[in-house]
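> Handing you this structure, nothing more for now.
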Amino acid sequence: MSTTTNKVRLTEIFLTFAKIGLTGFGGGMAIVALVERICVREKNWITSEEFLHGLAFGQILGPFSLNVCTFTGHHLRGIRGGITAAVGFICPSFLLVSLLSWIYFTYHKLPQLQAALKGTNPVIIGLIVVVAFDMGRKQIKNPTGIIMALAAFAASVFLNLNAAWILLGAALWSLCRSYYHRRLVGWPPC
Amino acid sequence: MASLLTIAWIYFRIGLIFVGGGYVLIPLLNHIMVEQYKWLTLRQFLDGLALSQLTPGPLAMLATFTGFRAGGFLGGLIATVFIFTPCVVLMLVIGRNYHRLKNIDIIKNTLDGLLPAVVGLVAAAAWNLGVSSLSGYKEIIILAVGFALFKWTKIAPMFVILGAGIVGLLIN
């Protein structure tokens, strides 16, 4: 299924996704839109429908911006293509962040940098609050969702439980619920 | 400095429970890096968040920053490779079999159902970070202005963060 008639070269895959990685500011959906424009509309590497499937599967684990890159790369050239796309996409940001981390940990005692960072810290917290708000409005659709969000908040703030355990608990609960729901409404035979 | 093997194992495990998008990394990494291993101070963690917002690519590049702190350039490399290994492998497996994956509904329902918990965790991260790092009315005002700009304007986060840096430089 991944053997297209005219094979795209791995170097081209790498360079394309490196370009996306370098220009993809804003994270998440902003990057997905960029990938869609280049791979679906400009290069015709993948159909819009298949791209959307990849996006749906990409929600399961990890950043979906990276996942759609891997999926598209795999569609073009199999496993090697997928890995090439993923590495190409991550490469520019990895090098940039490494460079900035080095500068930061070398010079972070400079009073000027300290002063500037004292200004950015509250803004970052403000950003996280906004994310919580917006995600909440989009993802919490029923009373069960409200209870789950509050329970996760309380478990983290008051009980100081590890976020990983809270996530696992929520996943287990949610799996049981959707399994139960599936048995309740019946399942269209495949 | 932590051994590269420890770093690999820690980030691989984070990669396995990396659900609900990049922001879930904030509570996860804060807990592990700041509270458990004490590789970073809270301030440094927040600075790293600012840094990963200023650069292109997913927020998950926070892994590179924290890994860099734990083990230098190699630490950052190992952290980045291992946190992304699970999701890349999963996408390759899905890519190979996706015509046959018919139980997608149960996966999708489970994921949708667990997203409220991610919301709760992100809110809790804001709460924990705020309570332990904010001091003085000036910082509260900056937070409020930042919140308003992110929430009700379309200014790119990068410029808001850079602006806040300049403000910090001027008033401190």
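The values are calculated or read from the model by the stated rules, or taken from the named source; none is laboratory data. Worth saying up front: this structure is predicted, and the values here are computed from it rather than measured. Virtual Cβ from ideal backbone geometry, glycine too; neighbours counted across all protein chains shown.
> Identify, from the list A:147, A:90, the residue that is at pLDDT 90 or above and over 25 Å from residue B:50 (Cα atoms).
A:147
> Also, I was wondering about something else. Report yes if some residue within segment A:67-87 is in contact with a Lys or Arg (Cβ under 9 Å, 6 or more places away or on another chain), at pLDDT 85 or above and at positive phi; otherwise report no.
Within segment A:67-87, one or more residues are in contact with a Lys or Arg (Cβ under 9 Å, 6 or more places away or on another chain), at pLDDT 85 or above and at positive phi.
> For segment A:128-143, what are the residues that are part of a helix (DSSP H, G or I) and without any contact (Cβ under 8 Å) to a residue 12 or more places away in the chain?
Of the residues in segment A:128-143, the ones part of a helix (DSSP H, G or I) are A:128-139, A:143.
Within segment A:128-143, A:128, A:129, A:130, A:131, A:132, A:133, A:134, A:135, A:137, A:138, A:139, A:143 qualify.
> What is the one condition in (1) more than 7 Å from every other protein chain (Cβ to nearest Cβ); (2) within 30 Å of residue B:71 (Cα to Cα) that residue A:72 does not satisfy?
The failed condition is (2).
> All but one of (1) in contact with a Lys or Arg (Cβ under 7 Å, 6 or more places away or on another chain); (2) closer than 30 Å to residue B:42 by Cα hold for residue A:22, so report the exception by its number.
It fails just one condition, (1).
> Can you tell me which residues in segment B:140-164 are without any contact (Cβ under 8 Å) to a residue 12 or more places away in the chain, more than 20 Å from the chain's Cα centre (by Cα) and either buried (at least 17 other Cβ atoms within 10 Å of the Cβ) or assigned to a helix (DSSP H, G or I) (or both)?
Matches in segment B:140-164: B:140, B:141, B:144, B:145, B:148, B:149, B:152, B:163.
Okay, residues lined up against (1) more than 26 Å from residue A:161 (Cβ to Cβ); (2) within 7 Å of another protein chain (Cβ to nearest Cβ); (3) modelled with pLDDT of 90 or more:
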| site | (1), (2), (3) |
| --- | --- |
| B:129 | no, yes, no |
| B:133 | no, yes, no |
| B:161 | yes, yes, no |
| B:167 | yes, yes, yes |
